[in-house]
Structures are given as C-alpha cells and as structure tokens.
1. Could you say whether any residue in segment B:415-437 is in the same structural domain as residue B:361 (by TED's automatic domain parsing), over 34 Å from the mean Cα position of the chain (by Cα) and outside any helix (DSSP H, G or I)?
2. List the number of the failed condition for residue B:10; all other conditions in (1) basic (Lys, Arg); (2) within 30 Å of residue B:164 (Cβ to Cβ); (3) within 14 Å of chain A (Cβ to nearest Cβ) hold.
3. Under the condition of being assigned to a helix (DSSP H, G or I) and of a type outside the set (A, V, I, L, M), which residue from segment A:89-118 is nearest to residue A:320 (Cα to Cα)?
4. Determine whether segment B:512-524 contains at least one residue that is in contact with a strand residue (DSSP E or B) (Cβ under 6 Å, 6 or more places away or on another chain), of a type in the set (S, T, N, Q) and in the same structural domain as residue B:339 (by TED's automatic domain parsing).
5. Run residue A:296 past the list (1) crowded, with 24+ Cβ neighbours inside 10 Å; (2) more than 9 Å from chain B (Cβ to nearest Cβ); (3) at pLDDT 90 or above and report the number of the one that doesn't hold.
6. Could you say whether any residue in segment B:71-83 is facing chain A (nearest Cβ under 8 Å) and either over 30 Å from residue B:159 (Cβ atoms) or without any contact (Cβ under 8 Å) to a residue 24 or more places away in the chain (or both)?
7. Being part of a loop (DSSP other than H, G, I, E, B) and either modelled with pLDDT of 95 or more or not basic (Lys, Arg) (or both) is the filter here, so list the residues in segment B:518-546 that pass it.
8. Could you say which residue among A:77, A:44 is at pLDDT 90 or above, surrounded by 18 or more Cβ atoms within 10 Å (Cβ to Cβ) and closer than 20 Å to residue A:362 by Cα?
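The values are calculated or read from the model by the stated rules, or taken from the named source; none is laboratory data. Note that the coordinates shown come from a computational prediction; the quantities given were computed from them, not determined experimentally. All Cβ positions, glycine included, derive from the backbone under ideal geometry; neighbour counts span all protein chains shown.
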Amino acid sequence: MKASSNRDFVRQSNVSFSQPRRLRSFWQIIHIDPILLAGLLALCGFGLFVLNSATGGDPETIIRQAGTMGIGLVVMCAVAQFDSQFYRRWAPTAYVLALFILGLVLVIGAEKNGAKSWLDLPGLPSFQPSELLKFIVPMLLAWYLASRALPPNLKHVFWAGVFTLLPAALIVLQNDMGTALMVTMSGIFVVLLAGLRWRVVFAGIFAAVIASPAWYLFLAQPHQKNRILTFFDPYRDPTGAGYNIIQSQIAIGSGGIYGKGYGNGAQSHLDFIPESNTDFILAVLAEEFGLIGVLVLIALYLFVIIRGARIALSASDMFGRLLAGSITLTFFLYLFVNMSMVSGLLPVIGLPLPLISRGGTAVVTLFIGFGLLMSIQTHRVTQPVR
Amino acid sequence: MEGRWQLKDREAERRLFARRMLVASIVVAFLFAALLVKLINLQVTQYDYFAARADGNRLHSQYVPPARGLIYDRSGELLADNQPIFNLSVVRERVDDIEATLELLSSLIRLAPEDVEQFRERLKRRRVPFSSVPLRYVLTEEEKARVSVNAHRLPGISIEPQFVRSYPTGELNAHAIGYVSEINREELGAFAEDVRENYGGTNHIGKTGIERTYEALLHGEVGYEVVEKNNRGQVMRRLERTDPIAGKNLTLYLENRLQRVATEALGEHRGAVVAIDPTTGGILAMVSKPGFDPNLFVTGISNADYSQLITDTVNTPLFDRTVNPYPPASTVKPFIGLGGLQHGFTDTDTVIQDPGYFRLPGVRYRWGDYTLRTAIGGGHGETNLQRAIFQSCDTFFYDLGYRMGIDTIHSFLSQFGFGQNFALDVGYARTGVLPSREWKQATRNEPWYPGDTINSSIGQGYMWATPLQLATATAIVANKGVVVKPRMLAAIDGEPFQPQDPNPAGNVQVDNPEHWRYIEESMTMVVHRPYSEVFRDYGTAYEAIARADRDMSYKMAGKSGSAQVVSIAQDILQSEDIDVSDLNKDHALFVAYAPAQHPTINPQIAVAVFVENGQHGSSVAGPVAKAIIDSFLLDILEIDFTALATDPDALLSEGSDRVRQADENSPSFVAVNAEHEGHRHD
C-alpha cells in the first residue's frame, strides 16, 4: 500500500505543478471539446430524424429520446468538468463499488427482456448498473497498467484479465451476454493498446479459434446456436429465427443507392422490420436514404472516432491515452457490431446502434464515455490538440 | 518495486501506444471496408432482387368477387338479395401455431367443432398462398369486438366483411329459387381453368333451383386488385383495381303473391303447386310443401339443422315435389279422351253402359271403378265421353284405352310433354314415365300386357307425371293445342329473355277444332255442372268449387284425380276395422285452367295441384287450385269479369289496361291484348 501511494504522489506531482504555457481557450475553461460536441450533436440530430420516420412520426417517442439525449449531454458536460486525474484516483473505489452493485443486482435486481440486470431503487429511474462497467473496467485497467512498465508483463496481463472477467462474469450471471461481451472487449482494448505483445495476441486469437467449436458443441445455449445457424443460412427458418435478418436485408437492399425517400420505407412502415426503433433502425435508415444515407452515418461515426483517437494520442498521460483509446474503440465496436448484424455480416447480437436507436441507459452511458474523453482532452496542461 | 516507476520510459510508451493506435486504425478501416462491401452488395449489386422482394412483401394481388345478381319475381319483388355479414378469416401462412390460435379463438367466440372441421377442409383446397380462409361466418357485434381487442394475440386472423345471399321470402320460394352454399372441391374441380379463375374470389355457388340453373348469369365476373398489406396482413391501401362485373339481375315469371296463396291454401298438407301462364309458358307459381329455410345453407348449415331436414322421412322438406313424378290418376282422362276423339276410337255421341267394372274379353278379372269405391255400388249407367270426364268414370276409359292401345296413347300423350322434360330452364325436373312397349321391354324386360294399358288409361300403373308436367299439359289444353314450354326466367337485367329451345315441339295435332271445345266444355262441367235429378250427373268438383263460391265470376276448367299410393285391394280399403294410416291415403290431384269458355279472354293461368295423401282430388286439391286462380285473375290481373259480362266491349279495354298496369313488364298481359285483337290461334 505504501508503494502504491508513493507512486501516485510522484505521478501527480509530475503533471500538476507546471503552469499553462498559454492562455486557456474558452472551450478549455468550460471543459468541452467543440469538435467532438459538434460530431455528437450531428449524430443525435440524424438519429432523431431517422427515429421520427421509424416510429411513424410518434412525437412522444421523439421527445422522450431528445430528452434522454439532453440528459446525456448534461451528464457528459458534468463528467467533463472533473480532471482525468480525479477519475484515475477514484477508479479502484468505483470498481469495487460497481462490483458490489452488480452483486446487489443479482439479489434484488429486476428482470426485463430476460436479463436480470435492472436496478429499481426508490426515487431513482431504473437503470442497468452493468452499463457503467463499460467505462469503469477500462478506467480500472488504465489505472492499473498506466503506472506499470509497458508493454505489460504476463503477471499484469493476468491481473488485468481478472479485473475484466470478474464483472463480466457477474453480468453473464445476469443473463446479459451482449453487455458482458462489450465490457470484456473494453478491457481487452486497454490491454491491447497498452502494448500486449503480439505473440500473446495471436496466441489468444488462435486459442479462441481452436476453442470456438468446443464452445459451440458443449457450452453454447440453443438460442445461441440458433443465431449462428441463422447467420449462415437465414432461410432455414424464414418466418421464425431468420425473419428479422431476412426482412432487414430486404429493407436495406431495396433502399438501393438513393433510398426510397424519407418516410417512404415500406418495409418499416408496414411493420415488416421488427424492432425498427431499436436494434434494427439501420434497416430503416438504409431503406429510406439508401447507400448514401448509410455513408453519411458512417462518415459521422468516423468523425467521432477519429476525434476520439486524436484525443487518445495527444493525452498527456498513459491513463488518459488508454482510457480514451478504449472508449473510442468500444464505441466503434458498438456501431460496427450493430451495423454488421443488421446487414448480415455478423450473427444477431442484441446491441443498439449508438445515438440512433431508441434507448435510455445506453445513451447516457455513451455520453459518460464522451464526457471522459472531453475531460481527458480539456484538463491537460500541455499543448492542447488543435 | 520501489524504483519501478523510474524505469518507465515515457516516450517509448507513448510511441508504443501510438503504434497500437495505428494498428487499431487499420483494423477499424478494414472492418468499415468490409461493412461497405456488404452494403454495396446489398444495395447496389442485389438491389433488383431485394426491391422485388420488398414489393412481394407488401403487394398482394387479390380477387374481388363480383356481386351476385339479384332475383326478382314478375312484379319486382325481391326474392334473392345480398346482405353484408362479417366473417372471421385466417391467413394460414401468418399463423405460427394454428392449434393454439383456434383454442384462443374458441375462448373468445362461439366456434363449433364443425366450424373447425369445415375450416380444415377449406385449407386442403387449392388456393392462392396468403389468401384468407373463412373460419366462422356471421360474427355478432360482440364477437367482432372481442376478436378486435385480442387482435395482437391473433396474427393472421382478420374480420372480413362479405356480401352473402339472403332470401327475404325464406321458405316460400326455397325450392323454386334454390339456394347458394359453399363451393366444394368437386365443383371447383369440374370447372374449366378459366371458369375456376373466375371463381377465385367466390365462396358460394348455386346448388339448387334458379340459383343453380342460372349460376353462370348470376355469378358475374371476378375483379382483381393489387393492395398493399402490412406485416399483419391488413390492407393499407389499394394500388390497382379491375372492378368485378356484377352478376345479372334476373326477373322470373314467378309471382310471390301466388306462392304465398298456394302455400297457405295447401294448409297443413304436404304437396306441390305449379301454375303456368299458358301464353308464355312462364311458371307463375312453383311451391313444394313443406319447404325449408334456404338461408340456413348460405353460411354453412349446422349438422343439427341438416340432420333435422334429412331425417324427416315423412315431410322430406328438401324434396322438391313439383318436379317429382306421381301417378297422375284421373287427371289424364281429358288427354286420353281427346286422343280417342282425334284417332276415331270414340266420338261425342258414343255411349257405353257402365256396370261399375270393366272386364277384358275372355278374362274373369274385373277392373273396378275406383271413383266409386266409397260410394254406393253400381256404375254410372249410360256414359258418354263428356260424362266420363266430369263424373270421372273409370270404366269408360278402361274401354277406350283398351281399344286405343298403348301405342296410340303413348304417341298422343307425348305431345303434351308426358314422359319428357318440356321445361326450358328447370333442367333438374324429372321426366316421369309415359309407358310404352319399348319402355317396358327396356326397363323391365317384360312384354306389354293388355292389362297394363287398362291401368294406364286412368293414369295409374306405370304412368307417372310430375306436377310440373301436369300443369304444362293443362296449359296446352288451355291453348287448344299450342305447345308452350314452361320456363322460369322472364328477363335479364330488365331485358326480356327469349330462351333457345333445342328440341322445339310441334303443336298437338287435333284435326277437328270442335274436339278442343268439347274437352274444354267437359272440363268446365267438372267444376260447374250442378247437382240435378239425374243420377250421377254433377261435376266431381262442383261441390268443392262452384257450389262453395256461388259468386264465382268466371268459369274454370278442371279435372280431379285421386292417385292410389299402394295397391291395397278395394275391399281392404273399404273395411271399417282396418286403420288406414294417413300415409296410405290416396294422393289428391287437381288440374285446372281459367278463365274457360270466356268469349273475349283466353285462359290466363293453368294450375296443377298435388296434395300428398290428400285423399280427395276434388275436395282437397280443387279448392287449392281455385284459391290460386282467384288470386291471379282477380287480385293480381284485376280482371273484372262481372263488368265484362254486362258490357264486354266497353270494359274490355279498361280491363286489359288494368292488367297492363298491374304488371307492366310481364308478358302475360299480351294474352289479354292478343285476345282483344282476336287472332291468337290463327
């Protein structure tokens, strides 16, 4: 314990005592990154626009979604007000607290859509504590690895693995495979960015490839097997398991290059696309705006991702780099998995399209992540990114 | 451990991180590229395929059934209408678990096992994929509401409005109009391909009566439409439409008021009434009693209702008595008598001595006179043809028939349509039997015996005729030999209809017109010849008709008949101590036409009445005929015979005008008109 507090002291003393070299800009003072904010606002606007069509112009849903986004933006600003060192300091505490809450959820949690991952506390809106792990896990790993020599040795990698898999296992127990996967990936990203040796990386990939048939044969649950079979041949059960993916492919394909026009997506307006407001909203977008619409969306996402990458690269310390890098890559993974599953590139995994799909907790979680990015970007004492 | 941090090479770590970010960027770029390739594959390369699939999802081509033609009587009263009902239909392809759905539905609405059974039968038929199959007809408002509330639990189930046949007159016209009912697989299979296509949207087909005969006219032509449907099969909008062409509206010669009068006049009896307009052959009335409610069949008759109809072996409500043969009995006597006159086997002066029985030369067996079996013994005494008709003397006709021989009887009577179906559009009518040597040889493989001729001469034995045939033959007598063939259809969509007659028949050959007059006189005497001092000199129907209505303003020609049901020996029937059940009682028959012997107006109506087990032709069947003729001449045609009698010329035009007014579109006024011009039979 003594050693650890010692290191902290040194690390803090390293960054906090030097003076700013030039006058802070307005954005630095309010701790907001205008470029990232612009990208996010554009995405939110686009998302509301598509959602309006996907819901058939239901104002109630749109207002609620806009409200959620507003809350997200406020939360983002609030998160950005704290120095990244604050998060670094509190990462272990937050992690332990989060593990405790996850355990609590297992005992008193509420079940929704088959996952017992919701916490209904009196006086608070019900939320999924597991969502918070998506940035608490990378935060902890960044805290853990940043203070050690990089690339990490096997012992550190081992402990990083334990820190990642512990909450992931609790989330699996809540029967929420999607979130568990994302939490695990956010941890893996930190380790990868910290410089995990390539031979270990390839060994891990190789092991996964070897292990996957065994997983499929002995561990996979029937509905998981079904999803994988459906992925390879949606038409084996066209009105059942394959229905969603077939209909969403029809919607995307029939959109063509230019789309059918806003509000003219027959597939979604005639209810052929299930969950057109949530996981499958990309099908609505692709049907109405065509390939061009999807390209615009990808461009907006790329804009945010590149900005996240720039923030990570220019972060003043390794904690900031690792955290920002992991948040950015997790964001990418989110949207990539969703777009791939809707277009048939990956098996169906229940993940929303970030900032476009209707949703509550997930949106706020995303904004907390962006708040952390902004914190890392705007609390630096060294030369800020252009 | 203390110095570990000092070993950290911050710059090297930054570069390591930067390299890892570069690798990550490459992976991200690669994954985006893969996604892009997939999207281009979907949206550009396979665009045509998916665009077609999307249209296939939402666009559905469906049949639009035509409205079935309506059926009117000759006065424009609606006999067959179309009424909207609401059906519960199932699109099988949209239902995942049909058993669970049926179970849920049966908890919401009344769903009899037979509904489900019929539904499964329908599912097996050839049908367009994603077409809706009816499960329950005629939902009540409450059932509609219950299904609607639970719609989200019932994918593929919908409530569909449909127009179905409705018969406002119910039982009254059940046999004549017939009914439509659900089309079955055999009927569909019998269609040619294009006809089957035309029935694509049709659930019903005419099964009996007019509905069946004129199915092709009534059905109309199917329409098509392309609709946009949502995921639940609800029609969101119509995109293209070829309107169906409604079936033709038919106007019949049938007069609903006469149907009612005939039904009421038959009272509690089982029986049949056929009335024909002698001028056109138009069938004015066609009642078989008891009837049934044709509306039961339209939406699928329940097993309970159906078994009730078919297990009633006494009343046999589904059995159409108007077109089924019975022994015509004495009603054939005027025809045989006319044949005897034409072929010279008798003349108006020939008189025989009737001892009350007939005996073939050299044969001991005596053919008794049935008409006398309940009366005091002995015969009619001196009898000529006229008396033989109005007194219905069997002995005279035994003798006449025996001398004419079966060949002459057969050839003469066949001119009146006996043994054939003269009706132009009552194809389902049976032909009865007009026996001949060939017929007996062919059907019984027996030679013709003289005794067979004797039975046939009084309309018994092998001779069988339907009430429709009797009415037709009577109409031909009323026309003095001009053959008219009975028919139902008067007009199609208001245009008068002239049917094609594939086998036109010549008029009845009677060389001396005086013989027609003589037969008419004889038949008029049946009704009007009063009681007198002379022994057995009154008409058999005098008491029941002319005496019962002393104010009768016109004359009616008629002939009664009592047909033996079973060959029970006379002495047994007469015996007091044997209870003759109702079912063994004779069938009562009466044929008539009117007005007869009128100076200016030709006969307007010919009637045949058959009363099953009615026992007495004159007293039971006669008044029924009288009621129908009264109603037609006096109430419907509104002919004022009393006024005509006092001032025939002045009132005739008024009278005929009134007839014309009474039924503008009916061909029957032509008769009065033609008569007025005075060259009808020339």
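1. Scanning segment B:415-437, I find no residue that is in the same structural domain as residue B:361 (by TED's automatic domain parsing), over 34 Å from the mean Cα position of the chain (by Cα) and outside any helix (DSSP H, G or I), so the answer is no.
2. (2)
3. Once the filter is applied, the top-ranked residue is A:89.
4. Among the residues of segment B:512-524, at least one is in contact with a strand residue (DSSP E or B) (Cβ under 6 Å, 6 or more places away or on another chain), of a type in the set (S, T, N, Q) and in the same structural domain as residue B:339 (by TED's automatic domain parsing), which makes the answer yes.
5. (1)
6. no
7. Within segment B:518-546, B:530, B:531, B:532, B:533, B:534, B:535, B:537, B:538, B:539, B:540, B:541 meet the criteria.
8. Sole residue among the options that is at pLDDT 90 or above, surrounded by 18 or more Cβ atoms within 10 Å (Cβ to Cβ) and closer than 20 Å to residue A:362 by Cα: A:44.
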